[in-house]
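In what follows, a single structure is set out as C-alpha cells and then discussed.
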Amino acid sequence: MRILWENPIDVSLLIHEDMLFWPSDPKFEREWVSEISKGRHVNLSKLTLGSHTGTHVDAPFHFIADGKTVELLDIRKFYGVAKVFEVKNDKKILLSEIKDFDIEENDIVLFKTKNSKLLLENRFHDDYVGLSLESAIYLAEKKIKTVGIDYLSIGPRGDEGRAVHKVLLGNEIGIIEGLNLLNVKEGKYFIVALPLNIKGGEGSLVRAILFPIEE
C-alpha cells in the first residue's frame with residue numbers, strides 16, 4: 001500500500017458568507033477590525049460562525065449532557081485509512097444496502113450519497129440522505145472508528161437523527177459531517193480531518209483532506 005501524499009484531495013467546504021448552513025445555526029459573518037486599505041499596518045478580521053459550520057466534527061457533548069468535549073476527543077479517530085462507499089438509495093442509508101459493504105472493526109467509513117450534489121448549494125434541503133437508526137446500531141456493533149457523510153448531519157432531521165447521533169457518539173464513534181465527496185470515487189484513501197483544540201467545545205470545524213492509496 002502506498003499513500004499518494006503528492007495528490008491531496010480537499011474535501012472540506014469553502015467558508016464564505018453565502019454558504020450552506022443548518023437552518024437553526026448562526027450564519028458565517030466577517031467583521032474587519034483592521035484594514036491596510038484604511039491606513040492600518042495589517043489586515044485583521046473577527047469571525048462569527050457556529051462550531052458546526054461547513055465541514056466539521058461532532059463531539060459527544062453535542063448530544064450527550066455529560067459527553068466528552070472536543071479537546072478530550074481521541075485525535076486518532078480523525079486520521080487514517082478511510083473507505084469511501086457510494087450509497088444508491090436517495091432517501092436514507094439503510095442497513096439492507098450497507099450490510100454488503102466491506103466494513104470492519106476500527107474502519108473510518110465515509111458515505112457518498114446524492115447529497116454531494118446538494119452540499120454546494122446555499123439552500124438547505126430537508127430531503128438530504130441520512131443514516132438510519134438501524135444502520136447506526138449496525139456500525140456501532142461493528143465497532144468502527146469514525147463515520148463521515150456528505151451533508152451537514154449524519155442522521156436525518158428529527159427524532160431519528162437525534163437517536164442516530166446518540167448511538168454513534170455514545171459508542172465513542174467519531175463523526176465527520178459536511179464532506180465534499182462530489183469528485184471522490186469509491187475506494188480507500190488516507191484521511192486527515194483534525195478538529196481544533198477547543199476547551200469545552202461540542203464541535204469543531206475541520207480541514208478535511210483525502211490522499212489516494214495505491215494497493
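The values are calculated or read from the model by the stated rules, or taken from the named source; none is laboratory data. What you are looking at is a predicted structure, and each value in this text was computed from that prediction instead of being measured. A quick note on method: Cβ atoms are made from the backbone with ideal geometry, for glycine too, and the neighbour counts reach across all protein chains shown.
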(message) Checking Ser96 against (1) outside any helix (DSSP H, G or I); (2) more than 20 Å from Leu20 (Cβ to Cβ), only one condition comes out false. Which one?
(response) (1)
(message) Against the condition aliphatic (A, V, I, L, M) and under 26 Å from Leu131 (Cα atoms), how does Ile36 come out, does it pass?
(response) no
(message) Of the residues Phe21, Phe101, only one is surrounded by 13 or more Cβ atoms within 10 Å (Cβ to Cβ), free of Cβ contacts under 8 Å to residues at least 24 places away in the same chain and either in a loop (DSSP other than H, G, I, E, B) or not hydrophobic (A, V, I, L, M, F, W, C) (or both); which?
(response) Phe101
(message) Tell me whether the range 135-153 contains one or more residues that are under 25 Å from Ser204 (Cβ atoms), surrounded by fewer than 16 Cβ atoms within 10 Å (Cβ to Cβ) and touching a helix residue (DSSP H, G or I) at 6+ places or on another chain (Cβ under 9 Å).
(response) no
(message) Regarding the range 120-130, can at least one residue be identified that is surrounded by 12 or more Cβ atoms within 10 Å (Cβ to Cβ), within 19 Å of Phe21 (Cα to Cα) and modelled with pLDDT under 95?
(response) yes
(request) Filter the range 30-61 down to residues that are part of a loop (DSSP other than H, G, I, E, B) and of a type in the set (Lys, Arg), then give me how many there are. (result) 1
(message) When you check Glu71 against the structure, is it more than 20 Å from Glu134 (Cα to Cα) and outside any loop (DSSP other than H, G, I, E, B), yes or no?
(response) yes
(request) Could you check, for the range 75-97, whether at least one of its residues is surrounded by fewer than 20 Cβ atoms within 10 Å (Cβ to Cβ), at positive phi and at pLDDT 95 or above? (result) yes
